[in-house]
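Notes follow the structure.
The values are calculated or read from the model by the stated rules, or taken from the named source; none is laboratory data. Given the structure is predicted, the values throughout are model-derived calculations rather than measurements. For neighbour counting, all protein chains shown are included, and Cβ atoms are generated from backbone atoms with ideal geometry for every residue, glycine included.
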Amino acid sequence: METLETAVTRSVEGLAGTVYLAVSGGRDSMVLLEVAASCLPKERLCVLHVNHGLQSGSEAWADFVRRESDRLGVEFLLHEPIIASGSGMEAAARAARYAWFASLLNDGDVLLTAHHQRDQAETVLLRLAQGRGAYGMPDERPLGAGVLCRPFLDVPAEVLTTRRVSFIEDPSNADTDIDRNFVRHRLMPPMTERWPEVSGRLATVARSEAAKESAGRHLLANVDPLPVSLLPGEPAAAGEVLRWWLLRFGISASISSLSAWLAAEPRKRCDLQGGALIEHAEAIYFARLLLDRYALPDDGQLLLPHGHLSVLPASRATVRFGAAGLRWQGEPLGEVLRRLGVAAWLRDRVPLIFQHDQLMAVADFLATEGLHVRWRSFDASGNFLPAG
């Protein structure tokens, strides 16, 4: 078995840009940080830490990761997205996290995560239980203009635990009400006791399925939106193609649920974890999950799941979505957006800037005097779309 250092070095071969490291502060990600700092030029490295603010100790975790990065001489970047509490919170946090990652990666850049073989086995079991197929996480996939790599995916978890590193234990990891934790603490231990090689075998299953998916994703790599005409007539096969297509956005869904949606007439919005499928003009679009409201930071710069917004001045401004019931200079906002050429399904995704509950701007289409707005939208992969 190759060493962790060899796995990390191999994962960045042929890539000349920045090597970003996703570091939560947990054991596995801290091992990744220590290994990368020992075998790669430190001037190429940059630690990315996301504080979702969902737990009381999250600020201390961010400080810990910053200190460890400083100790190793590695650049540190912190992102603190605003995540509303309630249902869909975990999906919203993941969407915000990966939108930030995608916005940073340029051509030649790579993001490394610390997922290992047991994580892969847990993913296979979890997705089987959810009816989403016997597949796991890919070794690598496109992200933004760069690539996401998982150098430890074939490495047994025990190899990482032998490394002596400082780390933080996330108390939520013990909560078996969370599906992945249930698999980790209730299913994997008895299965491993009965079949000691079960993690490796499940990882092999995942690799076999990944080869099939890779072929499908290769064929659909540059297809966005997905023309309905490309889907096979048989519902299960069409659902498989749609599942392959969603993987390019980092979204997984069960074939059965996708097939059922495709068979429905008419096809209404299909909500998924992290976003939704929408059919418009004989094509299928993936729209990333948005919260109802975001607070605009003092610097006026706001990274959203589907774009970057700049508003100056930003004094006590909020960003909201949904044109229903709103008016612009006495005219229904929906009608204004229609006249501006905004497709019906996109109108509730146009950022609306409010100050003191008064609508002050509609993206950078319309703004009150003295307010300067710039809006650059992403596609669902996190790539900036051309202006206009």
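Counting only residues that are loosely packed, with under 13 Cβ neighbours inside 10 Å and among the aliphatic types (A, V, I, L, M), the stretch 159-185 holds 1 of them.
Residues are listed down the side, and each one gets a yes or a no for (1) on the phi > 0 side of the Ramachandran plot; (2) outside the structural domain of R66 (by TED's automatic domain parsing); (3) part of a loop (DSSP other than H, G, I, E, B):
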{"residue": "S166", "(1), (2), (3)": "no, no, yes"}
{"residue": "S172", "(1), (2), (3)": "no, no, no"}
{"residue": "V183", "(1), (2), (3)": "no, no, no"}
{"residue": "M191", "(1), (2), (3)": "no, no, no"}
{"residue": "S208", "(1), (2), (3)": "no, yes, no"}
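Kindly check whether there is at least one residue in the stretch 295-310 that is within 19 Å of F249 (Cβ to Cβ), out of contact with any Pro (no Cβ under 8 Å at 6 or more places or on another chain), surrounded by fewer than 17 Cβ atoms within 10 Å (Cβ to Cβ) and not small (G, A, S). So that I can check it myself, show each step before the final result.
Quick first cut of the stretch 295-310, residues within 19 Å of F249 (Cβ to Cβ) only: 303-308.
Narrowing the set further to residues that are out of contact with any Pro (no Cβ under 8 Å at 6 or more places or on another chain) leaves 305-306, 308.
Restricting the remaining residues to those that are surrounded by fewer than 17 Cβ atoms within 10 Å (Cβ to Cβ) gives 308.
Among the residues that remain, those that are also not small (G, A, S) are: 308.
Yes, the conditions are met somewhere in the stretch 295-310.
Checked against the criterion of being within 23 Å of M1 (Cα to Cα) and free of Cβ contacts under 8 Å to residues at least 12 places away in the same chain, the candidates T113, T162 yield just one match: T162. All of (1) assigned to a helix (DSSP H, G or I); (2) surrounded by 17 or more Cβ atoms within 10 Å (Cβ to Cβ); (3) modelled with pLDDT of 95 or more hold for A102 with one exception: (3).
Of the residues making up the stretch 256-315, those that are acidic (D, E) and in contact (Cβ under 8 Å) with a residue 12 or more places away in the chain are E279, E282, D292, D298, D299. Scanning the stretch 105-137 for residues that are modelled with pLDDT of 90 or more, within 29 Å of G307 (Cα to Cα) and among the aliphatic types (A, V, I, L, M) gives L105, V110, L111, L112, A114.
Specify the residue that is farthest from L21 (Cα to Cα); the eligible residues are those in the stretch 67-90 that are buried (at least 17 other Cβ atoms within 10 Å of the Cβ) and not polar (S, T, N, Q).
Applying the first criterion (buried (at least 17 other Cβ atoms within 10 Å of the Cβ)) to the stretch 67-90 yields 68-69, 74, 76, 79, 81, 83.
Still in the list and also not polar (S, T, N, Q): 68, 74, 76, 79, 81, 83.
Details: E68: 13, V74: 10, F76: 9, H79: 13, P81: 18, I83: 22 Å.
Within the stretch 67-90, the match that is farthest from L21 (Cα to Cα) is I83.
Close Cβ contacts (under 8 Å, 6 or more residues apart or on different chains) running from residues in the stretch 207-223 that are of a type outside the set (S, T, Y) to residues that are at pLDDT 75 or above and loosely packed, with under 15 Cβ neighbours inside 10 Å comprise E209/A134.
Starting from the stretch 8-34, keep only residues that are over 30 Å from S172 (Cβ atoms) and surrounded by 17 or more Cβ atoms within 10 Å (Cβ to Cβ), then list their pairs with residues that are modelled with pLDDT of 95 or more and among the β-branched types (V, I, T) whose Cβ atoms are within a distance under 6 Å, requiring at least 6 positions of separation or different chains. Taking only residues 6 or more apart or on different chains, the pairs are V12/V19; V12/V110.
Residues to consider are P196, P235, P225; find the one that is loosely packed, with under 15 Cβ neighbours inside 10 Å and either hydrophobic (A, V, I, L, M, F, W, C) or on the phi < 0 side of the Ramachandran plot (or both).
On the way: P235 fails: loosely packed, with under 15 Cβ neighbours inside 10 Å; P225 fails: loosely packed, with under 15 Cβ neighbours inside 10 Å.
Every option except P196 fails the conditions.
Does L54 fit the bill of being free of Cβ contacts under 8 Å to residues at least 40 places away in the same chain, of a type outside the set (F, W, Y), touching a helix residue (DSSP H, G or I) at 6+ places or on another chain (Cβ under 7 Å) and assigned to a loop (DSSP other than H, G, I, E, B)? Here the answer is yes, as L54 does meet what is asked.
Applying the set (1) in the same structural domain as E282 (by TED's automatic domain parsing); (2) surrounded by 17 or more Cβ atoms within 10 Å (Cβ to Cβ) to V147 leaves exactly one unmet item: (1). Residues that are buried (at least 18 other Cβ atoms within 10 Å of the Cβ) and either under 25 Å from the mean Cα position of the chain (by Cα) or part of a loop (DSSP other than H, G, I, E, B) (or both) within the stretch 354-363 comprise just one, A363.
Taking the stretch 52-71 as the search range and keeping residues that are among the basic types (K, R) and over 23 Å from the mean Cα position of the chain (by Cα), which one is farthest from F167 (Cα to Cα)? Quick ask: steps written out before the conclusion?
Residues of the stretch 52-71 among the basic types (K, R): 66-67, 71.
Those left that are additionally over 23 Å from the mean Cα position of the chain (by Cα): 67, 71.
On the way: R67: 12, R71: 14 Å.
Filtering first and then ranking leaves R71.
Being over 16 Å from the mean Cα position of the chain (by Cα) and surrounded by 18 or more Cβ atoms within 10 Å (Cβ to Cβ), is that true of even one residue in the stretch 107-115? Looking for residues that are over 16 Å from the mean Cα position of the chain (by Cα) and surrounded by 18 or more Cβ atoms within 10 Å (Cβ to Cβ), one finds at least one in the stretch 107-115, hence yes. When the residues of the stretch 327-350 are filtered to those that are crowded, with 17+ Cβ neighbours inside 10 Å and not basic (K, R), the one that is nearest to R288 (Cα to Cα) is V350.
For the stretch 304-340, the set of residues classified as at pLDDT 90 or above, assigned to a loop (DSSP other than H, G, I, E, B) and either of a type in the set (D, E, K, R) or under 22 Å from Y285 (Cβ atoms) (or both) consists of F321, L340, listed by residue number. Considering only residues that are surrounded by 15 or more Cβ atoms within 10 Å (Cβ to Cβ) and hydrophobic (A, V, I, L, M, F, W, C), look in the stretch 199-216 and name the one that is modelled with the lowest pLDDT. The residue in question is A210.
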